[in-house]
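Each reported figure results from applying straightforward, stated rules to the coordinates on display, with no laboratory input. Computed from a predicted model, the values in this text were never measured in an experiment. Cβ: placed from backbone, ideal geometry, glycine included. Neighbour counts: every protein chain shown.
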Amino acid sequence: MSLATPPTSMAQLRLARARADLVDGLRRWELWGTLGWHDIRQRYRRSTLGPFWLTISLGVMVGTLGFVYAELFGQNLATYLPHLALGLIAWGFISTPIIDGCNIFIGSEGVIRQLRAPLSIHVFRLLWRNLIILAHNMVIYVVLLVVFRIWPGPAALLAIPGLLILCLNAVWTELLLGMLSARFRDIPYMIASVIQILFLLTPIMWSADQIGNKLIVELNPFYHLIEVIRAPLLGAVPPLHTWAVALGVTAAGWLVSLAFFVRFRERIAYWI
């Protein structure tokens, strides 16, 4: 009788361990929630305004770019400023998990090697930290609602499933890029460069209606991910194909990320 573990049994074991890691990590919300708050407090230690400095910085950026680009593009300021603000807020929530996710396991090397805990805790920790920052940045949106007397109406409720889609994408991108960066240390530098290019190609500072070739917009998944949260908060209902693309990116990303996590989860501690 062979003592070797059958391939199917080993694959099933890896799948079970990976699934248990994600489930157990999600259940330990008190741990990653506390760590996320700790990250925010440490970053703005001895600062009076704390994370609101990010909000102030973003607000100044929105105001400055808004007045300039509204004039350049011939846009109504009351329409363009909310569009720009929500675009930058959503982009920050999408791009930060991508950039910071590259170092999620590398930066937690000491904790991973010394503390026996699910690896997904570090993923949820980063997600929670970005949700806190998102909540602070949404103050800018509220201010614009009051200043320009904007009322998005019932359509704003669609931003809730839109935010859920962005959270699901944040988790799989952190997980996948964290593993790839732990193995290949050039990945973070490459991602940082690509993100800058994608920012310019995505309708954030400009509107999708301003470009003649719609394929440049429609084939950009970041546009659809931004629209599932920006359009409802501006009182519009995202078209069905935007929801379809956003959900398709989410499903495909999770399939790839889970495949890598099941296969290489046990090697992360050695890679870092």
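A few points about this structure:
- With Rh defined as the Kirkwood radius, the inverse of the mean 1/r over Cα pairs, the Rg/Rh of segment 188-233 is 1.01.
- Hydrodynamic radius by Kirkwood, which averages 1/r over all alpha carbon pairs of the chain, in angstrom: 20.2 Å
- Distance between segment 71-112 and segment 215-240 - C-alpha centres, whole angstrom: 15 Å
- Per residue, the convex hull around the alpha carbon atoms of segment 30-170 comes to 134 Å³.
- Filtered trypsin sites (Lys or Arg not before Pro), segment 62-137: DSSP coil and at most 13 other beta carbons within 10 Å: Arg116
- Debye, to nearest 20: dipole size of segment 78-197, +1 on Lys, Arg Cβ, -1 on Asp, Glu Cβ: 200 debye
- Rounded to the nearest whole Hz, the Karplus-based 3J(HN,Hα) values (6.51 cos²θ - 1.76 cosθ + 1.60, θ = phi - 60°) of segment 216-223 follow the sequence 4, 8, 5, 8, 8, x, 5, 4, with x at glycine and proline.
- For Phe52, Phe261, Phe184, the sequence from fewest to most other C-beta atoms within 10 Å is Phe184, Phe52, Phe261.
- Helix-derived mean residue ellipticity, 222 nm - over the chain, DSSP H n ≥ 4, -39500 (n - 2.57), to 500: -25000 deg cm²/dmol
- With neighbour counts taken as other beta-carbon atoms within 10 Å, the residues Glu266, Glu30, Glu174 rank, fewest first, as Glu30, Glu266, Glu174.
- Placing +1 on each Lys and Arg Cβ and -1 on each Asp and Glu Cβ, with no other charges, gives the chain a dipole about its Cα centre of roughly 880 debye.
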